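Contents: one structure, followed by commentary.
Read-outs: derived from the displayed coordinates by stated rules, not from any lab. Keep in mind it's a predicted model, so treat the numbers as computed, not measured. All Cβ positions, even for glycine, are placed from backbone atoms using ideal geometry, and neighbour counts span all protein chains on display.
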Amino acid sequence: MEKKPNKITRYTACNLLVFSLILMACASLKLKWQPETGFDEWRQFGKTPQHTNTVNDSIQFPMTKKWEHKTSLAVGPSLIAFNDAVFFHTYDGKIKAVAISSGKDIGTLKLKKKQVGTFAFADSTLVIVRRQWQPALERYHLQRGETMWKNNGGNSFAEPLITNDRIYVAYQQKKLICYKLENGEMDWSADLPSPSHTTPTWANGKVVVGTNQGTLYAVQKGNIKWSFPTGGALRASATCFNGTIFAGSTDGIFYALNAETGKKIWSFKTKGKIYQTAAIHGQNIIFGATDHTLYCLNRRTGKPVWTFTASSVISTNPVSARNAIFVGSLDKNLYAIDPANGKKIWSFTAEGRIRTHPIILNRKVLFGSEEERIYCFE
């Protein structure tokens, strides 16, 4: 006998979406909608498979807080958003959806044993990767409110990459595995000399992934095409743009490499360590470091354009809009920086340190803080 929903929420967003939720008694998440897709959706870590962290929106200042949502526990590093929903995971084993228009709960999916999981969105489904325990990988259908398939794997501490009907996951067990999106079957596997903490990056038909050993690998259909060693662990995922790979290392150096050959084009030395992925803005590449500094370099030459200094460590990926760069810091501030000169345009002090990467959707900025909150500004 079919279970009756214990909660139904209906609302319409932008006259394009009819979004209705049924939150089942078994704590599954079931959504029914009239899908509308577009380039402005933030479906996975870094926005695009190349991790460019860039949108085409212009933001109006001063920004005002639209809502603040209290969560059950600390929020994970990544948000994804599409239509009128923002999804995030919390460290008590929940995947939650909140309405961007109101900040109200849409629903919650509870993972067994309070497992910590992350995810990406593809074709009305969440592809869920568990940090530990099995099944390591799961595809969950949001319209039907049920699991489509599950697959065992290893321990993963990074978000999945989805592109061209394939899922790529880097595991602590020194493996990079490609799965078929349709059925979860393994397509190919590559052995890595060291565990990886980074989300793979799509780069001109190759998958680029960094390892704890400090080497960046480009893999194509299970074969390593090139490798590039750095002097520290690679915790920041690479960014690919116009045939160039950009990657920062805990050796404090930011590298630009030829995506086809892995040869170094230029490098830039900071005074800190680099743990966060970069963002593209026009002719420039922008990234943060533990020396409290946000750097803007010319992406062709590596020459500095400007720097911005916060009161503490830059703790999130930057995200680039047309007229502003947003980045979070352990000083509890979300900053909006002028991309032309590096001057502060605006800032907001959150309840706790900011470790959840900001995202931009339909001229709204969403991010999380350690004090168990999600914020939406517009």
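Once the mean of 1/r is taken over each pair of separate Cα atoms and inverted, the range 65-183 shows a Kirkwood hydrodynamic radius of 14.7 Å. For CYS376, the shell of other residues with beta-carbons less than 12 Å away shows a net charge of +3, using +1 for Lys and Arg and -1 for Asp and Glu.
A full extension of the chain between GLN283 and SER72 corresponds to an added length of 71.9 nm, given 0.36 nm per residue minus the alpha carbon distance.
Based on other C-beta atoms within 10 Å, arrange ILE285, ILE280 from fewest to most.
Fewest-to-most Cβ neighbours within 10 Å comes out as ILE280, ILE285.
The charge dipole of the range 206-283, taken about its Cα centre with unit charges on the Cβ of Lys, Arg, Asp and Glu (plus for the first two, minus for the last two), comes to roughly 60 debye.
Going by average Cβ density within 10 Å per residue, which order do the peptides 188-196, 343-351 take, highest to lowest?
188-196, 343-351
Shown here is the pair-distance distribution of the chain: with all Cα-Cα distances grouped in 10 Å bins from zero up to the longest one, the shares run 5, 25, 35, 25, 9, 1, 0 percent.
Which net charge results when you count Lys and Arg as +1 and Asp and Glu as -1 among the other residues whose beta-carbon is under 13 Å from that of LEU216?
Around LEU216, the charge tally is +4.
Of LYS150/LYS175; LYS104/LYS344; LYS264/LYS344, which ones are farther than 26 Å apart at the Cα? Over 26 Å Cα-Cα: LYS104/LYS344; LYS264/LYS344.
Per residue, how big is the convex hull around the C-alpha atoms of the range 290-378? Give it to me in cubic angstrom, could you?
Roughly 88 Å³ of hull volume per residue.
Amide H contacts for LEU181 (H built 1.01 Å from N in the peptide plane; partners 5 or more residues away or on another chain; cut-off under 5 Å): ARG166, ILE167. Annotation: the residues VAL86, VAL327, sorted from fewest to most other C-beta atoms within 10 Å of their own C-beta, follow the order VAL86, VAL327.
With a Förster radius of 35 Å applied to the C-beta separation of ARG144 and GLN173, the computed FRET efficiency comes to 0.65. In a reduced charge model with +1 at each Lys and Arg Cβ and -1 at each Asp and Glu Cβ, the range 283-378 shows a dipole moment near 480 debye about its Cα centre.
A dipole drawn for the range 179-232 from +1 and -1 charges on Cβ atoms has a positive end, and of GLY231, SER196, VAL207 the residue lying farthest that way is GLY231. Computed from the alpha carbon atoms alone, the convex hull of the range 141-232 holds 94 Å³ per residue. Going from the residue with the fewest nearby Cβ atoms within 10 Å to the one with the most, ASP331, ASP165, ASP105 rank ASP165, ASP105, ASP331.
Assuming charge only on the beta carbon of Lys and Arg (+1) and of Asp and Glu (-1), the dipole of the chain about its Cα centre is about 360 debye to the nearest 20. For the range 219-285, the Kirkwood hydrodynamic radius from C-alpha pairs, put into Stokes-Einstein at 4 °C and a viscosity of 1.567 mPa s, yields a diffusion coefficient of 105 µm² per second.
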